[in-house]
Amino acid sequence: MNISNKDKGDKMVGWAWLLVVLNSLDGIATYVGITMLIISEANPLLIKLDPFTILIIKLFLSTLFAVFILKYPFQQFGKCFKYVLSFANACYLSVFLFHIFWIGMSIMS
(Lines give C-alpha, C1' and ligand atoms only; values in the text may rest on other atoms or scores of the structure.)
Protein backbone atom coordinates (compact mmCIF):
# COMPACT_ATOMS: atom_id res chain seq x y z
CA MET A 1 0.00 0.00 0.00
CA ASN A 2 1.46 3.31 -1.06
CA ILE A 3 0.89 6.22 1.33
CA SER A 4 1.01 9.64 -0.27
CA ASN A 5 3.02 12.56 1.11
CA LYS A 6 -0.27 14.31 1.91
CA ASP A 7 -1.37 11.37 4.10
CA LYS A 8 2.00 11.34 5.86
CA GLY A 9 1.76 15.10 6.41
CA ASP A 10 -1.79 14.78 7.75
CA LYS A 11 -0.64 12.13 10.21
CA MET A 12 2.22 14.34 11.39
CA VAL A 13 -0.22 17.24 11.80
CA GLY A 14 -2.26 15.00 14.10
CA TRP A 15 0.84 14.20 16.13
CA ALA A 16 1.67 17.91 16.26
CA TRP A 17 -1.81 18.83 17.54
CA LEU A 18 -1.47 16.10 20.17
CA LEU A 19 1.73 17.78 21.35
CA VAL A 20 -0.08 21.14 21.57
CA VAL A 21 -2.80 19.55 23.72
CA LEU A 22 -0.38 17.61 25.93
CA ASN A 23 1.82 20.67 26.51
CA SER A 24 -1.24 22.75 27.43
CA LEU A 25 -2.52 20.04 29.78
CA ASP A 26 0.94 19.79 31.34
CA GLY A 27 0.88 23.53 32.04
CA ILE A 28 -2.61 23.35 33.57
CA ALA A 29 -1.81 20.28 35.67
CA THR A 30 1.45 21.85 36.85
CA TYR A 31 -0.38 25.02 37.83
CA VAL A 32 -3.06 23.08 39.73
CA GLY A 33 -0.53 20.78 41.39
CA ILE A 34 1.78 23.58 42.53
CA THR A 35 -1.00 25.88 43.75
CA MET A 36 -2.55 22.99 45.71
CA LEU A 37 0.93 22.25 47.16
CA ILE A 38 0.76 18.71 45.79
CA ILE A 39 3.77 18.82 43.47
CA SER A 40 6.76 21.03 42.81
CA GLU A 41 8.21 22.06 39.48
CA ALA A 42 10.93 19.65 38.39
CA ASN A 43 12.08 21.52 35.27
CA PRO A 44 15.28 23.37 36.24
CA LEU A 45 14.47 26.14 33.75
CA LEU A 46 11.09 26.83 35.37
CA ILE A 47 11.70 25.94 39.02
CA LYS A 48 12.17 29.54 40.23
CA LEU A 49 9.05 30.86 38.50
CA ASP A 50 5.64 31.20 40.11
CA PRO A 51 2.90 28.77 38.96
CA PHE A 52 0.97 31.35 36.94
CA THR A 53 4.07 32.31 34.96
CA ILE A 54 4.74 28.64 34.22
CA LEU A 55 1.15 28.27 32.99
CA ILE A 56 1.44 31.34 30.75
CA ILE A 57 4.75 30.09 29.29
CA LYS A 58 3.27 26.65 28.55
CA LEU A 59 0.16 28.10 26.93
CA PHE A 60 2.24 30.60 24.94
CA LEU A 61 4.51 27.84 23.61
CA SER A 62 1.47 25.74 22.71
CA THR A 63 -0.02 28.70 20.85
CA LEU A 64 3.23 29.29 18.96
CA PHE A 65 3.37 25.64 17.93
CA ALA A 66 -0.29 25.76 16.87
CA VAL A 67 0.49 28.75 14.63
CA PHE A 68 3.46 26.83 13.23
CA ILE A 69 1.19 23.84 12.47
CA LEU A 70 -1.29 26.04 10.64
CA LYS A 71 1.36 27.96 8.69
CA TYR A 72 3.77 25.29 7.44
CA PRO A 73 2.95 22.08 5.55
CA PHE A 74 4.40 19.09 7.34
CA GLN A 75 5.19 17.21 4.13
CA GLN A 76 8.41 19.23 3.85
CA PHE A 77 9.84 17.76 7.05
CA GLY A 78 11.62 14.44 7.01
CA LYS A 79 11.44 11.31 9.11
CA CYS A 80 13.67 12.83 11.76
CA PHE A 81 10.98 15.40 12.58
CA LYS A 82 8.41 12.62 12.84
CA TYR A 83 10.59 10.80 15.37
CA VAL A 84 11.24 13.97 17.38
CA LEU A 85 7.50 14.65 17.44
CA SER A 86 6.75 11.10 18.57
CA PHE A 87 9.40 11.26 21.30
CA ALA A 88 8.08 14.63 22.55
CA ASN A 89 4.55 13.25 22.68
CA ALA A 90 5.69 10.19 24.63
CA CYS A 91 7.54 12.40 27.12
CA TYR A 92 4.62 14.78 27.61
CA LEU A 93 2.15 11.91 27.91
CA SER A 94 4.32 10.35 30.64
CA VAL A 95 4.61 13.64 32.51
CA PHE A 96 0.87 14.26 32.23
CA LEU A 97 0.10 10.77 33.58
CA PHE A 98 2.39 11.48 36.54
CA HIS A 99 0.51 14.73 37.18
CA ILE A 100 -2.83 12.93 37.10
CA PHE A 101 -1.50 10.24 39.45
CA TRP A 102 -0.06 12.72 41.98
CA ILE A 103 -3.08 15.00 41.96
CA GLY A 104 -5.46 12.02 42.12
CA MET A 105 -3.58 10.48 45.04
CA SER A 106 -3.60 13.82 46.86
CA ILE A 107 -7.34 14.29 46.39
CA MET A 108 -8.06 10.75 47.56
CA SER A 109 -6.02 11.09 50.76
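The values are calculated or read from the model by the stated rules, or taken from the named source; none is laboratory data. Not measured: the values here are computed from a predicted model. Cβ sites come from the backbone with ideal geometry, for glycine too, and all protein chains shown count toward neighbours. Ligands, DNA and RNA are excluded from the accessible area calculation, which covers all protein heavy atoms including side chains. Shrake-Rupley method; radii C 1.70, N 1.55, O 1.52, S 1.80 Å.
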Specify the angular offset, from 0 to 90 degrees and rounded to the nearest 10, of the alpha carbon long axis of helix 79-108 from the longest principal axis of the alpha carbons in the chain.
-> 20
So, in nm, how far is label Thr63 from label Phe101 when the simple model puts each one 7 Å beyond its Cα toward the Cβ?
-> 3.3
With each pseudo-label sitting 7 Å past Cα toward Cβ, what's the Ser40-Val21 distance in nm, one decimal?
-> 3.3
Three-way shape call for the stretch 40-81 based on the alpha-carbon gyration tensor, with the a/c threshold at 1.5 | oblate
Within the stretch 43-68, the residues whose backbone N lies under 17 Å from a label point placed 7 Å from the Cα of Ser94 along the Cα-to-Cβ direction are 43-44
Which percent of the accessible heavy-atom area of the chain goes to carbon and sulfur, probe 1.4 angstrom?
-> 73
Using a simple charge model, +1 on the beta-carbon of Lys and Arg, -1 on the beta-carbon of Asp and Glu, nothing else, what dipole does the chain show about its Cα centre, in debye to the nearest 20?
-> 420
